[in-house]
Amino acid sequence: VFSMLSWVPMCAFRACHMLTAQAFEHWAAHPQQRVALSWVRIPPEWQSDCLRFIGQHCRNVRQLAVRDTAHFGERELLRLVCGMRLMESLQVDGSSFGAGFPDPQRLFGRLAKYCPRLQHIAMSFRPDMPSQRVVFEVRSLACLGRRLLTLDLGAVAVRIFGGSCTIATCCPQLQRLSVQLHQQFQPDVVDPNDIAQGCPIQDMDLAPVDWSDLILENFVTQAPNLRRLVLRHIAPHATAMLLVPLVAISRSLEASGLLHLHLALHARSDPVRAAEWLQAISHLHLRSLCLDYAAPLLLTEVISAVLGDGGMDGSLTSLT
């Protein structure tokens, strides 16, 4: 083919080839702080070369995000990150039914070996069979968990032997936690106070937890650095004074207190209690507020209760 080209296209071809090679050398020589890639339109016959190319030229990446992972499994992930010794954050976006990672023991063990600086993990798991469950053993978190600052296991429920106590013990530096746990087994207790006592937690979304006045008060007292809290389900016996500890902490810490709140309002079952909670929320210095089960309250009623009479001092920027 080259012999059939004239000297003009031949020079152009060589120039493009040299520029491409120089660009690749420049790319590899300068560490990339963040790389995000989409795996949705990569033909199967090119996937191996694509993984080799990205792994070679992004080996110094600090933050890696993989999106559209319908055909992206454990083998592809490990082949991609096996040379990324400097990586600190890994995010793999999966579907609502989880990503294609059936064995957390093997995956977390390899990640601890390949990525010694990994501190932030966000991924979900999906078993091979729908009747099976994803199970985390203690050894899954023993090596990798001791340096984790973020652990986000998505919306698919998993079982962790020992429940929240295992998380607090294996992840003593954890600042952000988002996990949905199975609670069908007696030893796997889910207690948010375990996390507050064992970790410097700042952002927590732990389920299933039936938040009551006593549980929330104890948790807030032991988590002075709390910035974001998700209360997905409130116990039926919780009173209108549920959020009083959050208000007290917010007043004592001012701007450095709770900034993001996700609350199940349960307005249909107890509208009087929901109205009291909205009044308490108006005394918080929140930046974002998310309310579940707010019906049959109207949006104007919610806004009037939360922002009326100078509520939140104009700090709220997001309301869902």
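The values are calculated or read from the model by the stated rules, or taken from the named source; none is laboratory data. For clarity, every value in this text was computed on a predicted model and none was experimentally measured. Here Cβ is always computed from backbone atoms with ideal geometry, including for glycine, and neighbour counts include all displayed protein chains. Accessible surface areas use protein heavy atoms only, side chains included; no ligands, DNA or RNA. Shrake-Rupley method; radii C 1.70, N 1.55, O 1.52, S 1.80 Å.
Using only the alpha-carbon atoms of segment 210-307, report the extent along each of the three principal axes, biggest first, to the nearest angstrom.
Reported extents, whole Å, longest axis first: 34, 27, 17.
When Lys and Arg each count +1 and Asp and Glu each count -1, what net charge do the other residues less than 13 Å away from Pro245, Cβ to Cβ, add up to? Walk me through the intermediate numbers first.
Details: positive: Arg251; negative: Asp213, Glu217.
Taking every Cβ under 13 Å from that of Pro245, the sum is -1.
Suppose the chain between Arg117 and Leu319 were pulled fully straight at 0.36 nm per residue; how much longer would it get relative to their current alpha carbon spacing?
Residue separation times 0.36 nm, minus the Cα-Cα distance, leaves 69.1 nm.
State the percentage of accessible surface on segment 188-238 attributable to carbon and sulfur atoms; use a 1.4 Å probe and exclude ligands, DNA and RNA. Don't skip to the answer; put the middle values down first.
Numbers: 990 of 2000 Å².
In segment 188-238, the share of accessible area belonging to carbon and sulfur is 49 percent.
Two decimals is fine: what is log10 I(q)/I(0) at q = 0.18, 0.21 Å⁻¹ for segment 156-246, from a Debye sum with one equal scatterer on every Cα and no solvent?
The computed values of log10 I(q)/I(0) come out as -0.76, -1.04.
Mind putting together the pair-distance distribution for segment 118-162? All Cα pairs, 5 Å bins, whole percent per bin, short to long.
Over segment 118-162, the share of Cα pairs per 5 Å bin runs 5, 20, 26, 28, 14, 5, 2 percent.
Take every Cα-Cα pair in segment 137-201 and report what % of them are more than 16 Å apart.
40
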